[in-house]
Amino acid sequence: MFPETFTTKIRDMTGAVVARTLGRTSITASDLTIAGTLLTCGAAWLIATGHFVWGGLLVAFASSFDMLDGALARVKREASNYGAFLDSTLDRYSEAVIYFGLLYYYHIHQIGGSEPLLIYAIVTGSLLTSYIRARAEALGYDCKVGLLERPERIIVLVLGLLSGYLTIAFWVLAVLTHVTAIQRFVHVWGQGKGERPARRKSAKGASVIAEPGE
């Protein structure tokens, strides 16, 4: 996880650039979000056909849209709950489609080894990392912790694609995505430890303990 001061500085720099360029156009933040997803699909196709370097470069370029759409929304004062929802949803699809491209490549070329299993571990770890934070924050907990958030995952993957050391990148991602998920779980568990059970009123007016998942 990048330090907060670093991410704040990058956000401010991006906002200044966007204000002087895209902020003066009719392009919306949602347009950038969708464009980034489409570019990621193109990168997945390049990866699936074995063009790892070009695919890695396109993944890096498409990922920059993830910073630009948020900056554009702030500059144009278009930030909304739906925009955040769309961005988060398409981010999950973008990440999944990249790994689908990798799985397709290993399947077509019938390359044995640990790579397909590592890809499965990465996908599940990434989904758990995102889900734990979303669920925790929906319940009112703070969950901004963890070694490997989405930007860091993309950086490790791109470095693996560009360098040719994909298996090493897979191992790093497979381990650290689950470490991050566990970090977040423990962090939320620490906040919730000792809480009293939530109560709700029954149909007859009596106070009862709410069941998990309600």
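The values are calculated or read from the model by the stated rules, or taken from the named source; none is laboratory data. Since we're looking at a predicted model, the values are computed, not measured. Here the Cβ positions follow ideal geometry from the backbone for every residue, glycine too, while neighbour counts run over all protein chains shown.
The single condition from (1) crowded, with 17+ Cβ neighbours inside 10 Å; (2) in contact (Cβ under 8 Å) with a residue 60 or more places away in the chain; (3) assigned to a helix (DSSP H, G or I) that Leu148 fails is (3).
Would it be correct to say that Ser94 is touching a Ser or Thr at 6+ places or on another chain (Cβ under 7 Å) and either among the basic types (Lys, Arg) or on the phi < 0 side of the Ramachandran plot (or both)? Break it down stepwise before answering.
On the way: touching a Ser or Thr at 6+ places or on another chain (Cβ under 7 Å): yes; either among the basic types (Lys, Arg) or on the phi < 0 side of the Ramachandran plot (or both): yes.
Against the criterion (touching a Ser or Thr at 6+ places or on another chain (Cβ under 7 Å) and either among the basic types (Lys, Arg) or on the phi < 0 side of the Ramachandran plot (or both)), Ser94 qualifies.
Scanning segment 93-124 for residues that are more than 19 Å from Leu46 (Cα to Cα) and surrounded by 13 or more Cβ atoms within 10 Å (Cβ to Cβ) yields Leu118, Tyr120, Ala121, Ile122, Val123, Thr124.
Can Leu118 be described as within 16 Å of Leu176 (Cα to Cα), over 17 Å from the mean Cα position of the chain (by Cα) and touching a residue at least 12 places away in the same chain (Cβ under 8 Å)? Yes. For the structure I just gave you, tell me whether Leu157 is at pLDDT below 95 and within 18 Å of Asp91 (Cα to Cα). Here the answer is no, as Leu157 does not meet what is asked.
Looking only at residues in segment 125-145 that are free of Cβ contacts under 8 Å to residues at least 12 places away in the same chain and either aliphatic (A, V, I, L, M) or in a helix (DSSP H, G or I) (or both), the one that is surrounded by the fewest Cβ atoms within 10 Å (Cβ to Cβ) is Ala138. A Cβ distance below 6 Å, combined with a sequence gap of six or more or placement on separate chains, defines the contacts here; from segment 50-64, residues that are farther than 12 Å from Leu159 by Cα and part of a helix (DSSP H, G or I) reach residues that are β-branched (Val, Ile, Thr) and at pLDDT below 95 in the pairs Ser63/Ile154.
Considering only segment 90-97, I want to know if a residue exists there that is over 16 Å from the mean Cα position of the chain (by Cα) and under 19 Å from Thr28 (Cα atoms). Talk me through it step by step, then tell me what you get.
As a first pass, look at segment 90-97 and keep what is over 16 Å from the mean Cα position of the chain (by Cα): none.
Within segment 90-97 (the criterion being over 16 Å from the mean Cα position of the chain (by Cα) and under 19 Å from Thr28 (Cα atoms)), the answer is no, since none of the residues qualifies.
Checked against (1) closer than 22 Å to Ala35 by Cα; (2) modelled with pLDDT under 90, His107 meets all criteria but (1).
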